[in-house]
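Structure first, commentary second.
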There are 2 protein chains.
Amino acid sequence: MEKPDLELIAARLEGLEETIISKLIDRAQFRVNNSVYLPGQSGFRGSEGASLFDLRLRFQEEMDARFGRFHVAEERPFNADLPESQRTVTLPPTCLVIDTLERVNMTGAIKKAYLQMVPRFCPAGDDGQYGSSVEHDVFALQAISRRIHFGAFYVAESKYAANPSSYDACVASGNTGELMKMLTRKEVENQILARVGEKAERAQAHVNTRVRTRIDPKIVMDLYRDFIIPITKQGEIRYLLQRAQSVH
Amino acid sequence: MEKPDLELIAARLEGLEETIISKLIDRAQFRVNNSVYLPGQSGFRGSEGASLFDLRLRFQEEMDARFGRFHVAEERPFNADLPESQRTVTLPPTCLVIDTLERVNMTGAIKKAYLQMVPRFCPAGDDGQYGSSVEHDVFALQAISRRIHFGAFYVAESKYAANPSSYDACVASGNTGELMKMLTRKEVENQILARVGEKAERAQAHVNTRVRTRIDPKIVMDLYRDFIIPITKQGEIRYLLQRAQSVH
């Protein structure tokens with residue numbers, strides 16, 4: 001989008017909630033399967049040292065890179081050294097002020113948080129479904145990352161645009177605690193939490209529990225409160241800090 | 001499953017409905033983008049001759065093959081000459097009677113049907129979102145294919161197990177029209193159609209139409225009636241015909 005349109009940005013973020021919830025539910029159909037996250041236990045011939053999870057993520061991103069996914073701001077890669085895009089992707093101009101999108105890449109924090117999240121929303125234990133588990137891990141991770149980066153870029157830019165002098169002053173003071181306070185809208189966060197809880201409830205209202213595992217909607221709310229919202233705001237801070245340097 | 005359990009099979013097929021509906025809705029967020037299906041228009045450096053859709057499907061299946069997806073009966077590949085699995089996949093014994101799973105591969109018919117389906121459930125026109133379109137095409141195609149093959153294998157085996165002598169006689173007569181009649185349960189098909197219509201309605205009941213395209217539930221019912229159910233039954237026939245040869 002060429003101008004930050006807060007209503008449209010909020011609607012996009014809202015639309016991504018359904019995607020995140022459905023990917024979490026898909027992953028929760030398999031047990032934690034902890035061994036897929038352990039290096040040296042992939043049993044993947046030729047790459048025995050990595051975890052199956054890391055291997056799947058790298059294969060997925062190598063494919064995605066060839067198809068041009070990472071030209072888009074909100075799609076930041078978890079891996080470095082990916083192949084070049086084999087497509088020419090022409091994107092409309094954006095309102096973002098940033099020299100290189102990689103200056104706001106929150107994937108390190110996202111991956112760490114995701115690995116803490118898995119035992120919260122998947123049933124404990126091992127069912128041997130390792131291939132399916134990591135396939136759905138990667139989709140869930142990409143959906144969460146898209147939401148966080150979309151917020152980090154576009155929410156931060158729209159907040160800045162609404163109040164540039166205050167943000168300029170705060171960034172210049174170097175007080176990131178103050179910046180975090182400026183960015184935080186507690187009532188909006190509470191609305192988001194209530195909404196994702198309702199959506200998780202609704203999405204599973206007619207589940208046949210003989211064949212489908214249900215996620216407690218409370219857990220989806222916890223994941224938003226403990227990981228998704230805080231990392232989005234850290235991303236917003238990173239965006240605003242680099243923004244000051246990009247402008248000058 | 002070691003013994004055909006019709007109730008469990010029906011529940012699995014039912015669970016796959018949500019997946020298909022959500023993948024169709026995801027794809028419908030982009031326009032038809034017809035050029036992605038045309039050979040020679042991919043603009044994909046090094047593979048200019050293929051369509052972007054065919055390229056994405058091949059890349060996806062090459063990755064999936066390395067991770068062992070096609071060891072599972074209901075996951076049949078659309079492409080030949082895929083790389084070997086780099087994982088050793090140990091699966092529980094199944095009730096299926098088949099020498100090699102590829103004897104029931106319906107992907108040719110599925111792909112042809114899918115390409116006819118796209119203009120029915122996606123908004124007309126071109127929005128330039130080619131990479132996302134083919135990404136979601138592949139997910140929708142895989143979900144539909146999983147449902148069709150799961151039915152072709154397990155529904156056919158369970159129907160056979162309930163009435164082996166009649167099926168043996170019908171297969172021996174070579175009358176596939178009669179076999180189709182034996183397999184068809186019109187009242188079950190009508191139940192499925194009503195259920196997928198309701199699910200498509202419910203899944204979109206709270207959609208924010210400013211940012212999300214809605215699919216008419218009637219169209220999902222049509223896709224099931226015109227493509228998904230008929231191809232599943234063709235797959236069941238193929239399974240039963242090969243079954244007679246595998247037993248002897």
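So here's what we get for this one:
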| item | result |
| --- | --- |
| For the stretch A:91-248, size of Cβ-based charge dipole, Lys and Arg +1, Asp and Glu -1, in debye | 280 debye |
| 10 Å beta-carbon shell around B:Ile20, net charge (K/R +1, D/E -1) | +2 |
| Copies compared at B:Pro119 - label distances in nm, ascending, label defined 7 Å from Cα in the Cβ direction | 5.4 |
| Gap separating the Cα centres of the stretch A:108-170 and the stretch A:185-238, nearest whole Å | 12 Å |
| Cα convex hull of chain B, projected area averaged across orientations, nm² | 14.7 nm² |
| Spacing of the two label points (7 Å from each Cα toward its C-beta) at A:Asn163 and A:His206, in nm | 4.4 nm |
| Listed residues B:Tyr37, A:Thr100, A:Ile229: farthest to the positive end of the dipole of the protein assembly as shown (Cβ charges) | A:Ile229 |
| Local net charge near A:Ser166, Cβ-Cβ under 13 Å (Lys/Arg +1, Asp/Glu -1) | 0 |
| Teacher prompt: B:Ser173 distances to equivalent labels in other copies, 7 Å Cα→Cβ, nm | 8.8 |
| Cβ-placed point charges (K, R +1; D, E -1), dipole of the protein assembly as shown about Cα centre in debye, nearest 20 | 560 debye |
| Max mean-square fluctuation residue, GNM over chain A, Cα-Cα springs under 10 Å, options A:Val155, A:Val32, A:Val89 | A:Val89 |
| Gain upon complete extension [B:Lys186, B:Arg214; 0.36 nm per residue less C-alpha separation] | 7.2 nm |
| Kirkwood Rh in Å, taken over all unlike Cα pairs in the protein assembly as shown | 24.3 Å |
| Averaged over A:53-60, number of beta-carbon atoms from partner chains that fall within 10 Å | 2 |
| Distance violations [Cα-Cα > 20 Å] among B:Lys159/B:Lys233; A:Lys159/A:Lys181; A:Lys199/B:Lys218; A:Lys3/A:Lys159; A:Lys112/A:Lys199 | A:Lys199/B:Lys218; A:Lys112/A:Lys199 |
| Percent breakdown of C-alpha pair distances by 10 Å bin, ordered from the shortest bin, for the stretch A:107-172 | 17, 35, 22, 15, 8, 2 |
| The stretch B:49-196: Cα Rg divided by the 2.2 N^0.38 Å rule of thumb | 1.23 |
| Computed [θ] at 222 nm, deg cm²/dmol, chain A (DSSP H ≥ 4; -39,500 (n - 2.57); rounded to nearest 500) | -18500 deg cm²/dmol |
| 7 Å along Cα→Cβ, label-point gaps from B:His71 to other copies, nm, shortest first | 3.8 |
| Within chain B, longest stretch free of exposed GluC sites (Glu not before Pro) [DSSP loop, at most 11 other beta carbons within 10 Å] | B:85-248 |
| Mean Cα-pair separation over length for the stretch B:148-240, i.e. relative contact order, pairs under 8 Å, 6 or more apart, % | 56 percent |
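Laboratory data are not the source of any read-out in this text; all were calculated from the coordinates shown. Treat the numbers as computed from the prediction; the structure is a model and nothing was measured. Note that each Cβ is placed from the backbone with ideal geometry, even for glycine, and that neighbours are counted across all protein chains shown.
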